[in-house]
Amino acid sequence: MSKQKKIVIHCSATPNGRYHNAEDIHNWHKQRGWSGIGYHYVIRTDGIIDNGRPEYWEGAHAKGHNDSIGICLIGTDEYSPQQWASLTKLTDELRHKYDGINVIGHNEVSSKSCPGFDVQKWLRGEI
């Protein structure tokens, strides 16, 4: 995947504030019979960014939109200041790396409420 067109932001749909990491998600996805973690990055509640699958592997996180980079925030709809800071840092780095890449929420391409906030409002600084 050399040409990324979008970043899709997700939530883990786990209780807000509960610790989980990329290894947990990898195991959950394997238990469902999948090849492993579908996201490229996971942002823990303390703001640490875990690597998931490499960026050059197609994602497995948004049906019909897996030609994208998947970022998963641990939680459902309440995120720590550290998570917000890490999300900003990571999306800024990816936007610099992949010129013209769009950032969207999973809820913009799915009927799910994930990631629990309006990504476009967040990008405009309204959240």
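Tell me which residues, restricted to region 9-34, are open to solvent by 40 Å² or more (accessible area, probe 1.4 Å) and touching a Cys at 6+ places or on another chain (Cβ under 9 Å).
To start, the set of residues in region 9-34 that are open to solvent by 40 Å² or more (accessible area, probe 1.4 Å) comprises 13, 15-19, 23-24, 26-28, 30-34.
If the condition is that a residue be open to solvent by 40 Å² or more (accessible area, probe 1.4 Å) and touching a Cys at 6+ places or on another chain (Cβ under 9 Å), then 13 is the only one that fits.
Kindly evaluate residue 79 against the criterion of being over 14 Å from residue 127 (Cβ atoms), surrounded by 15 or more Cβ atoms within 10 Å (Cβ to Cβ) and either in contact with a strand residue (DSSP E or B) (Cβ under 7 Å, 6 or more places away or on another chain) or not basic (Lys, Arg) (or both).
No, not satisfied.
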Query - All positions within region 16-43 that are under 17 Å from residue 103 (Cβ atoms) and outside any strand (DSSP E or B) - result: 39, 40
Query - Filter result (hydroxyl-bearing (Ser, Thr, Tyr) and touching a strand residue (DSSP E or B) at 6+ places or on another chain (Cβ under 6 Å)) within region 15-52 - result: 39, 41
Query raised in the report: Which numbered condition trips up residue 16, out of (1) under 20 Å from residue 89 (Cβ atoms); (2) out of contact with any Lys or Arg (no Cβ under 8 Å at 6 or more places or on another chain); (3) not hydrophobic (A, V, I, L, M, F, W, C)?
Result: (1)
Report summary line: Those residues of region 102-118 that are among the β-branched types (Val, Ile, Thr) and either in a helix (DSSP H, G or I) or more than 18 Å from residue 79 (Cβ to Cβ) (or both) come to a total of 1
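Residue-wise test of (1) at pLDDT below 95; (2) assigned to a strand (DSSP E or B); (3) under 22 Å from residue 24 (Cβ atoms).
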| residue | (1), (2), (3) |
| --- | --- |
| 56 | yes, no, no |
| 70 | no, yes, yes |
| 76 | no, no, yes |
| 90 | no, no, yes |
| 100 | yes, no, no |
| 120 | no, no, no |
Query raised in the report: If only one of 71, 37 is without any contact (Cβ under 8 Å) to a residue 60 or more places away in the chain, at negative phi and open to solvent by less than 20 Å² (accessible area, probe 1.4 Å), which one is it?
Result: 37
Requested in this report: Can you tell me which residue within region 96-109, out of those that are at negative phi and over 14 Å from the mean Cα position of the chain (by Cα), is most open to solvent (accessible area, probe 1.4 Å)?
Outcome: 96
Query raised in the report: within 11 Å of the chain's Cα centre (by Cα), closer than 16 Å to residue 13 by Cα and of a type outside the set (A, V, I, L, M, F, W, C), is that true of residue 116?
Result: no
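Rundown of residues vs (1) outside any loop (DSSP other than H, G, I, E, B); (2) aromatic (Phe, Trp, Tyr); (3) surrounded by 14 or more Cβ atoms within 10 Å (Cβ to Cβ); (4) modelled with pLDDT of 95 or more, yes/no style:
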position	(1), (2), (3), (4)
3	no, no, no, no
7	yes, no, yes, yes
45	no, no, yes, yes
63	no, no, no, no
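The values are calculated or read from the model by the stated rules, or taken from the named source; none is laboratory data. Computed from a predicted model, the values in this text were never measured in an experiment. Positions of Cβ are generated from backbone atoms using ideal geometry, with glycine treated the same way; all protein chains shown enter the neighbour counts. Remember, those area values only see protein heavy atoms, side chains included, never the ligands or the DNA or RNA. Shrake-Rupley method; radii C 1.70, N 1.55, O 1.52, S 1.80 Å.
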